[in-house]
Amino acid sequence: MVEDAAPYGPVDDGAMLVRDGRIAWVGARADLPAHDAVAVERLDGRWVTPGLIDCHTHLVFGGNRSHEFERRLTGVPYEQIAREGGGIVSTMTATRAASEDALVASALDRLRGLTATGVTTVEIKSGYGLDAANELKMLRAARRVGREGGVRVSTSFLGLHALPPEHRADRAAYLDLMIDQILPAAHAEGLVDAVDAYCEPIAFTAVEVDRLFAKARSLGLPVKLHADQLSNGGGGALAAAHGALSADHVEHVDEAGVVAMAAAGTVAVLLPGAYLMLRETVPPPIDLFRRHGVRMAVATDCNPGTSPVVSVTSALNLACVQFRLTPEEALTGATRHAAAALGLSHEIGALEPGKTADLAVWNVERPAELCYWLGRPLLHRRWLGGRT
Ligand code: NIG
Ligand code: FE
């Protein structure tokens with residue numbers, strides 16, 4: 001499948017040449033140029049897509065929050081649990097208690113779910129350490145997941161995820177620590193590909209995020225934002241004002257925010273697993289995104305609190321069913337537009353000459369099946385940089 005022309009841009013009876021880990025040529029088999037291929041892989045008519053990209057996850061964490069899941073099912077709201085010191089802070093406690101090795105092991109276990117659904121690139125955030133040693137530990141673990149898990153990993157520094165209990169009386173000191181010390185230290189160690197924050201009344205304000213993003217840009221790092229998830233806090237517009245790669249969740253973004261995102265080229269990352277798990281009722285404004293030409297990506301948001309989802313094809317299904325994305329839009333959201341959300345459009349996300357040969361081969365008859373089945377194994381094989 002070539003994604004150039006919408007929808008899908010399929011090539012029937014296609015062929016591809018891969019050289020040095022990159023796509024050298026792709027098109028109809030009848031047009032295959034002369035070549036000296038040393039190995040030929042026959043795929044027997046199967047569909048090939050770009051390797052899927054999960055552009056928003058919190059894959060590295062300690063413990064899980066099934067106990068909070070049980071409470072939420074009885075009607076206790078997510079925000080209330082957070083304000084009582086549960087939520088992100090309870091995962092912080094478990095993450096601090098875990099060794100780097102243990103974090104890597106549990107993340108690799110979850111990663112198996114993602115790779116089994118065709119993922120070749122995964123974004124992983126910090127944000128459950130919330131102090132110097134543990135934010136760095138999480139980011140080092142994320143890098144190791146890339147080295148040991150057979151995927152590309154893109155990391156995001158999410159120090160402004162929640163205020164840890166030891167700073168409850170001194171918010172300003174926490175901001176100074178994260179922005180002026182830990183972010184630069186993590187960056188100096190090569191651990192940060194982008195900077196993220198959680199902008200919400202239960203987390204951080206627009207003014208605080210603004211300061212973090214100014215620092216990120218002074219370090220030359222791209223930014224992204226958990227924006228307008230539970231309320232409209234102007235997060236979409238804030239992200240756009242900083243030229244963010246993406247604004248994520250965005251259930252409550254208003255039209256002014258959408259217009260700003262369109263002008264800035266900020267991708268809307270839709271996270272239907274969190275929407276489902278939190279039993280949200282206001283979906284993101286898909287029609288506004290379409291009308292204003294905002295690119296939409298789809299990701300699992302894999303995290304222990306709001307989205308224990310380890311299947312990217314399930315996220316595609318949920319995006320179609322809950323948000324009424326077309327299967328073409330959903331699949332584009334886990335390939336081309338997910339690459340854009342990571343600032344990696346030049347490398348991955350499409351079957352085009354020059355791009356990395358990250359491929360997923362599927363046992364389906366029609367591409368829409370990738371969004372249609374819920375939980376059925378569909379992957380035949382995966383290639384990462386031309387290697388299976
Ligand atoms: O993307 N919104 C903030 N961060 C996560 C939730 C994290 C958690 O509850 O542990 C999210 O939904
Ligand atoms: Fe998230």
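The values are calculated or read from the model by the stated rules, or taken from the named source; none is laboratory data. Being a predicted model, the structure only gives us computed values, none of them experimental. Because the Cβ atoms are built from the backbone with ideal geometry, glycine has one as well, and the counts that use them run over all protein chains shown. Only protein heavy atoms, including side chains, enter the accessible area calculation; ligands, DNA and RNA are left aside. Shrake-Rupley method; radii C 1.70, N 1.55, O 1.52, S 1.80 Å.
Details
- Scaled against the 2.2 N^0.38 Å expected of a compact globular protein of N residues, the Cα radius of gyration of region 214-258 reads 1.12.
- Share of carbon and sulfur in the accessible area of the chain stands at 52%, probe radius 1.4 Å.
- Alpha carbon centroid spacing (whole Å) that separates region 21-55 from region 282-325: 29 Å
- Solvent exposure, largest accessible area first (probe 1.4 Å, DNA, RNA and ligands not counted), of Arg65, Arg376: Arg376, Arg65
- Taking 0.36 nm per residue of separation and subtracting the current Cα-Cα distance, fully stretching the chain between Leu43 and Ala30 would add 3.1 nm.
- The 1.4 Å probe gives accessible areas that order Glu251, Glu166, largest first, as Glu166, Glu251.
- Of the trypsin sites (Lys or Arg not before Pro) found in region 167-219, the ones in coil according to DSSP and having at most 14 other Cβ atoms within 10 Å of their Cβ are Arg168.
- Computed Kirkwood radius, in angstrom, where 1/r is averaged over Cα pairs of region 102-243: 15.6 Å
- The modelled label-to-label distance for the pair Asn64/Ala241, using points 7 Å beyond Cα in the direction of Cβ, is 4.0 nm.
- Candidate cross-link partners of Lys137 among the lysines, defined by an alpha-carbon separation under 30 Å and a same-chain spacing of 8 or more, comprise Lys125, Lys215, Lys224.
- Once the Cβ-Cβ distance of Ala102 and Arg217 is raised to the sixth power relative to R0 = 25 Å, the FRET efficiency obtained is 0.15.
- Normalised convex hull volume, the chain, alpha-carbon set, Å³ per residue: 127 Å³
- Between Glu255 and Glu148, residue separation times 0.36 nm minus the direct Cα-Cα distance comes to 34.3 nm.
- Cα gyration tensor category, rounded, prolate or oblate, for region 311-388 with a/c compared to 1.5: oblate
- If you look at the Cα atoms of region 248-309, you get an Rg and a Dmax of 11.9, 34 Å.
- Take the chain with all the other protein chains still there, run a 1.4 Å probe, and you get 40 Å² of accessible area per residue.
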